[in-house]
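The values are calculated or read from the model by the stated rules, or taken from the named source; none is laboratory data. Predicted model, so just to flag it, every value in this text is computed and none were measured. Glycine gets a Cβ as well: all are built from the backbone with ideal geometry, and neighbour counts include every protein chain shown. These area figures cover heavy atoms from the full protein model, side chains too; ligands, DNA and RNA do not enter into them. Shrake-Rupley method; radii C 1.70, N 1.55, O 1.52, S 1.80 Å.
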Amino acid sequence: MNPSFNNSIPVKRIKVSVIVSTYKSAEFIWGCLEDLVTQTLYEKGEVEIIIIDSASPENEGEIIQEFQENYPNIIYQRTQERETLYCAWNRAIKLARGLYLTNGNTDDRRCFNALEIMANYLDNNREISLVYADQLITTIKNDTFANTPALKHWNWPNYSYQQMRQGCCVGSQPMWRKMLHDKYGYFQENFRCA
């Protein structure tokens with residue numbers, strides 16, 4: 001018998017894997033992680049955060065390690081060389097255990113229950129593969145969703161395949177089924193992003 005195994009503690013199934021790529025974003029990583037670990041679904045033990053440090057010259061790793069000491073389900077991997085955003089995302093997706101994926105841009109924040117709302121929608125609508133939400137726009141660094149004075153909205157249009165082919169109509173915080181990568185493959189790593 002393995003002495004570190006305790007069968008009296010139930011193991012939670014990871015529902016959502018949040019993939020975070022960081023490069024020169026030390027000023028945002030604390031707020032990003034604080035936002036993610038206070039999500040209702042994270043507090044239920046159903047979220048993991050996978051951070052790929054793309055050889056950043058800043059101290060994101062030290063900040064992330066502080067969070068790892070206090071919060072479970074944070075995976076941190078640093079690459080030897082800088083990678084494209086989509087290379088980092090693919091690396092994180094291959095580590096992900098969740099049914100659903102979402103990206104956690106270091107300068108974005110969410111409503112406290114955003115991940116749970118989006119995951120529940122996917123749970124209850126099996127024919128839907130991707131969900132996304134409207135956004136508030138702020139110019140205040142590390143502004144939180146709960147305290148923002150932002151009044152400017154970015155209301156994304158209803159989904160249309162035609163519109164998706166012409167440009168991103170799902171915003172910066174979509175959530176999608178991980179199994180899509182089994183069917184369609186991974187992001188094209190040579191693509192760059194503004």
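List of remarks:
- 2 or more residues modelled with pLDDT of 75 or more: qualifying helices (runs of 4 or more DSSP H) within the range 93-194: 114-124, 179-184
- Residue in the range 77-90 that is in contact with a helix residue (DSSP H, G or I) (Cβ under 8 Å, 6 or more places away or on another chain) and in contact (Cβ under 8 Å) with a residue 60 or more places away in the chain present: yes
- Taking the range 75-92 as the range and being β-branched (Val, Ile, Thr) and open to solvent by 20 Å² or more (accessible area, probe 1.4 Å) as the test, the residues that pass are Ile75, Thr84.
- Some residue of the range 53-67 being outside any helix (DSSP H, G or I) and within 25 Å of Ala133 (Cβ to Cβ): no
Every residue, every condition in (1) touching a Phe, Trp or Tyr at 6+ places or on another chain (Cβ under 7 Å); (2) open to solvent by 60 Å² or more (accessible area, probe 1.4 Å); (3) under 25 Å from Phe187 (Cβ atoms); (4) free of Cβ contacts under 8 Å to residues at least 24 places away in the same chain, yes or no:
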| residue | (1), (2), (3), (4) |
| --- | --- |
| Ser17 | no, no, yes, no |
| Ser21 | yes, no, yes, no |
| Phe28 | no, no, yes, no |
| Leu33 | yes, no, yes, no |
| Glu43 | no, yes, no, yes |
| Glu58 | no, yes, yes, no |
| Asn70 | no, yes, no, yes |
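- Candidates Leu101, Leu115, Leu95 - the one that is open to solvent by 40 Å² or more (accessible area, probe 1.4 Å), among the aliphatic types (A, V, I, L, M) and touching a residue at least 40 places away in the same chain (Cβ under 8 Å): Leu95
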